[in-house]
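The values are calculated or read from the model by the stated rules, or taken from the named source; none is laboratory data. For clarity, every value in this text was computed on a predicted model and none was experimentally measured. Glycine also receives a Cβ, built like all others from the backbone with ideal geometry; neighbour counts cover every protein chain displayed.
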Amino acid sequence: MSHYPPTVAAAVVIANMIGTGVFTSLGFQLMDIQSAPVLMMLWVVGGLSALCGALSYAELGAALPKSGGEYHFLTEIYHPCAGFISGWVSATVGFAAPTALAALTLGSYLAASGLSVNPTWVATVAIVLLTTAHCTSHRRSGGTQTTFTLLKLFLILGFSAAALLLGSTDHQANFTWTSDSRALLGSGAFAVSLIYVNYAYSGWNAATYISGELTSPQKSLPWVLGISTTLVAVLYCLLNYVFLSVAPIDAMMGKVEIGVIAAEFAFGSTLGASMGLLLALLLISTISAMILAGPRVLQRIGQDYPRFAPLARQNRDGIPVTAILLQSAIALLFLWSASFEQILIFSGATMALNTFATVLGLFVLRWRAPDLRRPFRVSFYPITPLVFLGITGWTLVYIVLQRPVEALITAAILASGGVIYLLFRPTSGEAG
């Protein structure tokens, strides 16, 4: 069976991270915070949290080198029930919901760029076509992913450079710190806005979902996670600096198509619409990466639970076709039944809780299995994982306090996963 090279894993991480969040979340953040330096600090804090999480996952992935991400980690560290709930979360919310969001944003950007298209139908076609590509072979699947990710990086750098060089600075936000802006740090508004930022950074863990299909995962995974996450953090800060520099805050507040708005102010309506069209193409690699990585969780569930065995079926090249088709079907269900903001908030909260439990498991695994071979150990332990747990835990508390409906939806998703586990868990004769 063939494997993915490390470059494909890096492409998956970068493409999973750079997607819907960075091109939509600024509009929501501006509803509560209009200070440019505080907004930039949000992306710095989010990047620090993501890097600390990625390095923690790198140790777990090197010590437990199998595909499946949190499902695999939590099964090994805590209990099969915890792993199953995590896999249920990943399948329903962690990948299917963001796939729907990214595809819908693609359609919305194309419509905002002047094309007479229905965003939902564009999203549907994108999901179907990319699902077809990833059901073929590792070579074609990996090539598709790497190509679209490189295109994304070149377009982001090109857009940023052109906007700063050619765009007007008449609308540039004030990046100077004041006493009022400093007061926002640590506030409830900052914590709630960090929810959107953390959602934008979600995906730094994507390579662990295909680690069992990587070449030399124990050596390559730490580098893939660390370098990819750092690169994305730099690009995020650059993009938001560009958005705040070329477009007025009032024009972006509460809007989804931030990239199109910024492009129109930087280059004029005609050229801006064309640039918005190019930015829309960036989302193709995000949709592609989620369709590639997420089904590996369903595949592991099929391998571990006989009653879900069809999910583990592979084609001749080792591609889990059934799992890919199921996740894409769930994404299409989200696409046609839920609102954009509702999906964004509760999926962000649920994924944050999932990663919180996993990074906490790093401490548990070191305590329970101190002699386990660890080809990579997280730097500055225990500070690194504690930084991630502190930032993520802080945002989760504010979700419960200020977004109780979304918190209840998250609790319902977790509870439903537990119920399904109790109903379908394997007996002692079926286990394995």
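Quick look at the numbers
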{"item": "Residues of the range 316-327 satisfying the condition of being under 27 Å from the mean Cα position of the chain (by Cα) and outside any helix (DSSP H, G or I)", "result": "ASP317, GLY318, ILE319, PRO320"}
{"item": "Condition broken by PHE346, with the remaining ones in (1) buried (at least 22 other Cβ atoms within 10 Å of the Cβ); (2) modelled with pLDDT of 85 or more satisfied", "result": "(2)"}
{"item": "Subset of the range 219-265 (residues that are outside any helix (DSSP H, G or I) and within 21 Å of the chain's Cα centre (by Cα))", "result": "LYS255, VAL256, GLU257"}
{"item": "Those residues of the range 122-153 which are of a type outside the set (A, V, I, L, M, F, W, C), at pLDDT below 70 and surrounded by 15 or more Cβ atoms within 10 Å (Cβ to Cβ), in sequence order", "result": "SER137, HIS138, SER141, GLY142, THR144, GLN145, THR146"}
{"item": "Unique residue being of a type in the set (A, V, I, L, M, F, W, C), loosely packed, with under 14 Cβ neighbours inside 10 Å and without any contact (Cβ under 8 Å) to a residue 24 or more places away in the chain when the list is VAL400, VAL419", "result": "VAL419"}
{"item": "Within the range 18-70, tally of residues that are within 24 Å of MET252 (Cβ to Cβ) and in contact with a Lys or Arg (Cβ under 8 Å, 6 or more places away or on another chain)", "result": "2"}
{"item": "LEU48 being aliphatic (A, V, I, L, M), surrounded by 24 or more Cβ atoms within 10 Å (Cβ to Cβ), at pLDDT 90 or above and touching a helix residue (DSSP H, G or I) at 6+ places or on another chain (Cβ under 9 Å)", "result": "no"}
{"item": "Flag for PRO320 being more than 21 Å from LEU221 (Cα to Cα) and surrounded by fewer than 16 Cβ atoms within 10 Å (Cβ to Cβ)", "result": "no"}
{"item": "Candidate set: the range 1-26, residues that are assigned to a helix (DSSP H, G or I) and farther than 23 Å from TYR109 by Cβ; chosen: the one modelled with the lowest pLDDT", "result": "PRO6"}
{"item": "Test result for TYR199, at pLDDT below 75, surrounded by 21 or more Cβ atoms within 10 Å (Cβ to Cβ) and of a type in the set (Phe, Trp, Tyr)", "result": "no"}
{"item": "Subset of the range 362-386 (residues that are assigned to a helix (DSSP H, G or I) and either surrounded by 13 or more Cβ atoms within 10 Å (Cβ to Cβ) or in contact with a helix residue (DSSP H, G or I) (Cβ under 8 Å, 6 or more places away or on another chain) (or both))", "result": "LEU362, PHE363, VAL364, LEU365, ARG366, ARG368, THR384, PRO385, LEU386"}
{"item": "Single condition GLY259 does not satisfy, out of (1) among the small types (Gly, Ala, Ser); (2) at pLDDT 80 or above; (3) surrounded by fewer than 23 Cβ atoms within 10 Å (Cβ to Cβ)", "result": "(3)"}
{"item": "Test: residue in the range 166-174 that is in a helix (DSSP H, G or I), closer than 30 Å to ILE345 by Cβ and either at pLDDT 85 or above or of a type outside the set (Lys, Arg) (or both)", "result": "no"}
{"item": "Answer residue from the range 397-432, given it is of a type in the set (S, T, N, Q) and part of a helix (DSSP H, G or I) and is modelled with the lowest pLDDT among those", "result": "GLN402"}
{"item": "Residues located in the range 43-70, provided they are over 22 Å from TYR236 (Cβ atoms), within 16 Å of the chain's Cα centre (by Cα) and assigned to a helix (DSSP H, G or I)", "result": "GLU70"}
{"item": "Criterion: more than 19 Å from TYR71 (Cα to Cα) and touching a residue at least 60 places away in the same chain (Cβ under 8 Å) - qualifying residue of ILE413, ILE383, ILE409", "result": "ILE409"}
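The rows are residues; the columns are (1) farther than 30 Å from PRO248 by Cα; (2) at pLDDT 75 or above; (3) surrounded by 21 or more Cβ atoms within 10 Å (Cβ to Cβ).
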site: SER274; (1), (2), (3): no, yes, no
site: ILE291; (1), (2), (3): yes, yes, yes
site: PRO295; (1), (2), (3): yes, yes, yes
site: GLN299; (1), (2), (3): yes, yes, yes
site: ARG307; (1), (2), (3): yes, yes, no
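Yes or no, residue by residue, for (1) in contact with a Leu (Cβ under 9 Å, 6 or more places away or on another chain); (2) polar (S, T, N, Q); (3) at pLDDT below 85:
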position	(1), (2), (3)
LEU311	yes, no, yes
ASN315	no, yes, yes
GLY318	no, no, yes
ILE330	no, no, no
ASN354	yes, yes, no
GLY361	yes, no, no
